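S.K.: Starting off with a structure, shown below.
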Amino acid sequence: MSLLELQDVAFAYGDREVLSDVSLRLEAGAAVAVVGPNGAGKTTLLRVAGGLLVPARGRVLLEGHDLAGIPRRAAARRLAAVPAEEEAVFPFTVRESVELGRHAWRSSFTRLGEDADGLVHAALKRTALEPLADRALPALSSGERQRASIARCLVQDAPVCLLDEPTSHLDLGQRLRMLGVFREEARERGRAVLAVLHDLNLAAWFANRILLMVDGRVVADGTPDDVLTPERIESAFGTPVRVMPHPEHGTPVVVPLAQPEATA
């Protein structure tokens, strides 16, 4: 049984269909990257998969059960997410924000137990947020807030993680470290991770499977080597590329061939 499954899912904003008959299965240990041009439906796919949007057609199954029929608190124990933007609406500290990841696991007004305290401490350490634990979220940079969101996702300890551009505000080193954390979660703890990524090279490094989306449809689904071919990339993104193996670990490296156009 898959941890998460989409069956012939479609979704529309008004009369504009943005997902068309999308099907996918996420098994334990999967690290899946969703790539594609702007407007391909990647974020909408994640929101439907997480129950934030209701499909016009098709079904979303969480561990074999229709997600639409699962209470939100129960679903939150099985599904965790990192949004593309982490807004600092309330003046929580980093630690308090991360602790919110345990909300679905405890009764109202009860204190975190020792096990949960350990999860919070480990998540702060893995995201390099220990020195910032008592700092208010509004005082942080966008990258630091994004790492706090990642830490909260880890503390939620759900079998399925949905990541929407989880490294968009991070520097190169932090991008590799944070995606490395989720790759480790998939490989060593059997989580299923579905991540929307714009950087094709980062996706190839992170994922054991890539979905390429164009115009609301999955046009390729397979290993990075199978999906990231020059022909598919040029067709999807409208720019010629060269694809070569990385000299160290052999994953595909995508190099654009077109020169950037000069601006006046």
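S.K.: So which residues in segment 146-166 are in contact with a strand residue (DSSP E or B) (Cβ under 7 Å, 6 or more places away or on another chain) and more than 15 Å from Ala116 (Cβ to Cβ)?
M.R.: Our first condition is that a residue be in contact with a strand residue (DSSP E or B) (Cβ under 7 Å, 6 or more places away or on another chain); within segment 146-166, this holds for 149-150, 153, 156, 158-166.
The answer is Ser149, Ile150, Pro159, Val160, Cys161, Leu162, Leu163, Asp164, Glu165, Pro166.
S.K.: List pairs: first in segment 193-217 and farther than 19 Å from Ala236 by Cα, second part of a helix (DSSP H, G or I), Cβ under 6 Å, 6+ apart or cross-chain?
M.R.: Val193/Phe182; Val193/Ala186; Phe206/Leu179; Phe206/Arg183
S.K.: Kindly provide the set of residues from segment 150-171 that are crowded, with 22+ Cβ neighbours inside 10 Å and of a type in the set (Ser, Thr, Tyr), ordered by number.
M.R.: Residue satisfying the conditions is Thr167 alone.
S.K.: Given (1) modelled with pLDDT of 95 or more; (2) assigned to a loop (DSSP other than H, G, I, E, B), identify the lone condition not met by Phe182.
M.R.: (2)
S.K.: Still on this model: Taking the criterion of being assigned by TED's automatic domain parsing to the domain that holds Glu188 and acidic (Asp, Glu), would at least one residue in segment 92-105 satisfy it?
M.R.: No: segment 92-105 contains no residue that is assigned by TED's automatic domain parsing to the domain that holds Glu188 and acidic (Asp, Glu).
The values are calculated or read from the model by the stated rules, or taken from the named source; none is laboratory data. All figures in this text were calculated on a predicted structure; none of them were measured in a lab. Heads up, the Cβs are rebuilt from the backbone with ideal geometry, glycines too, and the neighbour counts pull from every protein chain shown.
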